[in-house]
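Chemist: Got a structure for you, written out below as structure tokens; questions coming shortly.
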Ligand SMILES: NC(=O)c1ccc[n+]([C@@H]2O[C@H](COP(=O)([O-])OP(=O)(O)OC[C@H]3O[C@@H](n4cnc5c(N)ncnc54)[C@H](OP(=O)(O)O)[C@@H]3O)[C@@H](O)[C@H]2O)c1
């Protein structure tokens, strides 16, 4: 408890899955949270749940591809809670799936906009707020896909998520001197609506589970614990890192 006492965090993709679990955990650990996603009703439900647990949350629905939305989230943090310390830029989509020859340019761009340009926009507006605070922690959700494994049919997703790791390294180098850290988390298969979209039958779920050294997929809370570590001062010397929280899927051949 209270590992984030007095801190303020933005969490995108908070209407579901990993983002939702992380926003709840951040609030349980004492952070004020600004929660973001397109579905306002889910955000309002989460705000109410956090308030009922004694935490502080404000919600703003919008699209992470929109620069004005990235700006508005930072403004909300500053106006409501006096500044910004942590940003978990987590919203993402599987996007345009299929062999490269069949992926439309529009689908490719939409996937990169949602998964990668959103992260650039987030950082662009979050960094100045963190500078004003004397430091901060930026965390981005990447994946093992495109980093450790080339899965057929996932080119746009893989490229966008691998791009995040490059962005993280540059952000870490640019802003380390200002005590702003930047890291990527690389989850393995996780039990969320997105995870279910990939493993949509008992057979495919069992196949995906078997690819992990731990022979199971993660609960979203198991990813959230590692995000909490990167958000908190316990990871004060970790920056520019791509951290696998993947149940061993990237190293397993059994
Ligand atoms: N599940 C896995 O196995 C797995 C593995 C590795 C990495 N990841 C990554 O983990 C992150 C979270 O995914 P999840 O598994 O928790 O899936 P999820 O439950 O489907 O959550 C995705 C979140 O992203 C939000 N989102 C998507 N497009 C958005 C947009 N244009 N604007 C604003 N919000 C948007 C969704 O909210 P709205 O629909 O309300 O907008 C939702 O809250 C993603 O970046 C994903 O790539 C997942």
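Chemist: Counting residues that are surrounded by fewer than 17 Cβ atoms within 10 Å (Cβ to Cβ) and within 16 Å of the ligand (Cβ to nearest atom), which helices (runs of 4 or more DSSP H) fully inside the range 1-108 reach at least 2?
Modeler: Of the helices (runs of 4 or more DSSP H) lying wholly inside the range 1-108, those with at least 2 residues that are surrounded by fewer than 17 Cβ atoms within 10 Å (Cβ to Cβ) and within 16 Å of the ligand (Cβ to nearest atom) span 40-52, 67-81.
Chemist: Look at residue 221 and say whether it is in a helix (DSSP H, G or I), in contact with a helix residue (DSSP H, G or I) (Cβ under 6 Å, 6 or more places away or on another chain) and within 16 Å of the ligand (Cβ to nearest atom).
Modeler: Judged against the criteria, residue 221 is a match.
Chemist: So, in the range 130-161, of the ones that are assigned to a helix (DSSP H, G or I) and out of contact with any helix residue (DSSP H, G or I) (no Cβ under 8 Å at 6 or more places or on another chain), which residue ends up farthest from residue 249 (Cα to Cα)?
Modeler: Per the criteria, the residue is 132.
Chemist: Can you tell me which of 184, 242 is farther than 21 Å from residue 15 by Cβ, within 11 Å of the ligand (Cβ to nearest atom) and under 21 Å from the mean Cα position of the chain (by Cα)? Steps first, answer last, please.
Modeler: On the way: 242 fails: within 11 Å of the ligand (Cβ to nearest atom).
Step by step, each of 184, 242 is checked, and only 184 is farther than 21 Å from residue 15 by Cβ, within 11 Å of the ligand (Cβ to nearest atom) and under 21 Å from the mean Cα position of the chain (by Cα).
Chemist: OK, next. Restricting attention to the range 162-181, report how many residues are in contact with a helix residue (DSSP H, G or I) (Cβ under 7 Å, 6 or more places away or on another chain) and more than 10 Å from the ligand (Cβ to nearest atom).
Modeler: Number satisfying all stated conditions: 7.
Coordinate-derived values only; no laboratory data. Small disclaimer: the values here were computed from a predicted structure and weren't measured. Note that we place each Cβ from the backbone using ideal geometry, even for glycine, and neighbour counts take in every protein chain shown.
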